[in-house]
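Encoded as C-alpha cells, the structure appears first; notes follow it.
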Amino acid sequence: MASKYTLSPVKKLPETGSGRTTTDVLFDVGRAIGQGVTFGTSDELEAFVRSKFTESGKSFDEELDTIRSEMKSFSDAHPYTALGLEIAGSLPTAVGLGRTLARKGIESAAKIGGLESAAYGAGSAEGGAGDRASGAVVSGALGMAGGKLAEKITPKVLSGAKSMLEKGYDLTPGQTYGGAVKSIEEGVSLPFMQDIIKGQQLVTRQQFNRKTVEGALSGLKNAELPKDLTGENLVERASEIVSDNYEAILPKLSIDVAPLQSKIQSIVNSRVQAKALSPADLKELNLEISDLVTRHATDGKLSKQILKDVESSLGKEAFNASNRRIGRALKEVQSALRDEISAQNPNVPDLQKINTAFRKLVPIEKAKAGSVGSGGEFTPTKLLMQREMKQLSPLAPEKIAARQARDIIGVGTGSSGTAERLMRSSPFKTALGLAGAIPTSMLYGGVGGRLGRKSPQLPGDLLRATTPVASAKIPGLLSTEAQAGSLEDMAAGGQVTGYETVMDRQGNPVTFAKLTGGRAVRVR
C-alpha cells in the first residue's frame, strides 16, 4: 500500500510485500507469550538452545541479537497484540509466584508486586549486569506502587467470614466482605434478582442452624441428621437423638431420689416466686411430678428401666403439655434429672457426652421456639439472647461461633416480597430484573457462589497480576517515545501528525513518522 506522503530525500518508503508464513506468525505469538511466562527471559533461553543444540553455527550473542530483532519487529508491527500476549503469558507465573510468596509469609500486595516486577525488570533488560540491576530497581519501584494500588481497591475478607468459609458456609459476597459490597448487595431491589440474593442468605442461615445443632450432638452415637431437615424439624430430630442415647444407657444406671427431689422443689419455688405459675398451675404441676417421678421410687432410688421410663415420660409430657407454663417447668425438671444422673454416675463416659449434648440443645430449643414465624429457623442473635448462652464463657466455642455468625449473617433475611414488588414495579424494572436473574444466579450458591465471592477481588487481583509486565514495559515505552520524537524533530524539523507501519520486500515492518507538508521520515 503506497503512502500519500512524499519522502524525505534521505529516506525512501519501501514497497510493501508479505513474506510471512503462518509458522512465522505462530512463532511470533509463541515468543510473546513465552516472554510473559518466563518473566522476560525466554529470548535468552531460546538463544541458548539454538546456539548449543542446533547447527546454526551462531554464537549465543548472535542468536540473541537475531531473536530480539525479530521480536522487536513483531512488536513494532503489532504493538497491542504483542503486549496483550505477553501479559496473558505472565498471568499464570505472576499468580503462582504470588501464592508461593504468600505461603512464605509475604502477603502484602505491594511487596509481592515489587518483588515480581523487579524480577521481570531484570529478566527483560538488555545489556550487562548494570542494566539488569537498573531494570530491577525501576521496575521494582513501579511494581510496589502498582501492588499498593491493587491492595487499596481489593476488598478484604472479614475475619469472621474467613472462619465461616473454612467451616463450609456458602456466604454471599456481601456477607464475605461487608462494607460497600454488602451495601450494594442489600441495595438490589429488582424483582427476581433480589429473590436469588435473599434465597442464598436464607441458605446461609439454615447452614448456621444445622452446624450449630451438629456441634451440640458431636460425640453421640447415631447422630446423623437427614440433609433435608431444617428449622423446627431439625431441632426436634436432634432432641430425639439425645433422648435415644439416654434411653440406651439409662437401664444400666440408678440414682438416689432425695437430691433430685430437692432440685425439683427449688425449681417449683423459683417459678412460684417469679409468678410464672398460678395456684392452679402449681397444683397441676405437683400432681404431674408425683405421677411422673415420686411414685416410681423404690427404697429411695430410681433404677434401670424405671429411671429410663421416668426420663422419657418427663420429656414427652413437657413437649405435649397443653399448658405451656407446665410444659416449661417439666422440661426444667427433666434437665434436673439428667444433671443428677450425670452427677451420681461420673465414671460413665457416654453419659457425660449425652448430658453435654443435652445442655447445648437447651438454648437451641428455646431459640427455635422463639422463631415460630420463620418455621423454627433461628438467627444467631436469637440464640445469643438465651439465658444459657449468656452464662457461657466468652471463650466457649459455641458462643464464639454464634457471635461470628451474628456479625456476618445478621439478623435475618425476611420476605423478598416478590409478588408485591412485581405489582408495583414498572415493566422496565421487571424486565431488567428478569435479565439480571441469570448472571445473579450464576454468582450465588454452589460453584457459582465461589465465583461470586471472588468477583469483588478480581479487579485488584488482575491489576496486581499484570503489574510485573507493565512495570517492565513502561520505562521502555517512555524512553522509546522520547527518543523517537527527538529523532523525528532533528531529522525533519516538522511537526509529527501520525505514524504509519508498512512491510518491506522481506516482510519486515517499517515505521514512518508522518509530518506536516506531506513528508515522511523512517523512525524504526
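Derivation of every value follows stated rules applied to the coordinates shown; laboratory data play no part. No experiment lies behind these values; they were computed from the predicted model shown. When we count neighbours, we look across all protein chains shown, and the Cβ atoms used for this are built from the backbone with ideal geometry, even at glycine.
Listing for the model above:
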{"read-out": "Distance histogram in 5 Å bins (all Cα pairs of the stretch 332-378, percent per bin)", "value": "5, 22, 22, 17, 13, 10, 7, 4, 1"}
{"read-out": "Convex hull volume per residue in cubic angstrom - Cα atoms of the stretch 229-395", "value": "130 Å³"}
{"read-out": "Within the stretch 108-214, chymotrypsin sites (Phe, Trp or Tyr not before Pro) in DSSP loop having at most 14 other beta-carbon neighbours inside 10 Å", "value": "none"}
{"read-out": "Alpha-carbon radius of gyration plus Dmax, which is the widest Cα pair, for the chain in Å", "value": "37.6, 126"}
{"read-out": "Karplus 3J(HN,Hα) series, Hz, for the stretch 72-78 with 6.51 cos²θ - 1.76 cosθ + 1.60 (x for Gly, Pro)", "value": "5, 4, 5, 5, 5, 6, 9"}
{"read-out": "Set of lysines with alpha-carbon distance to Lys301 below 30 Å, sequence-local pairs under 8 removed", "value": "Lys221, Lys252, Lys263, Lys283, Lys316, Lys331, Lys353, Lys360"}
{"read-out": "Angle between the chain longest axis and helix 193-217 axis [Cα atoms, degrees, rounded to 10]", "value": "50 degrees"}
{"read-out": "Cα-based helix-to-principal-axis angle, 458-492 vs the chain, degrees rounded to 10", "value": "20 degrees"}
{"read-out": "Angle in degrees between helix 129-153 and the longest Cα principal axis of the chain, rounded to the nearest 10", "value": "40 degrees"}
{"read-out": "Sparsely packed trypsin sites (Lys or Arg not before Pro) within the stretch 58-111, loop by DSSP, other Cβ within 10 Å at most 15", "value": "Lys58, Lys104"}
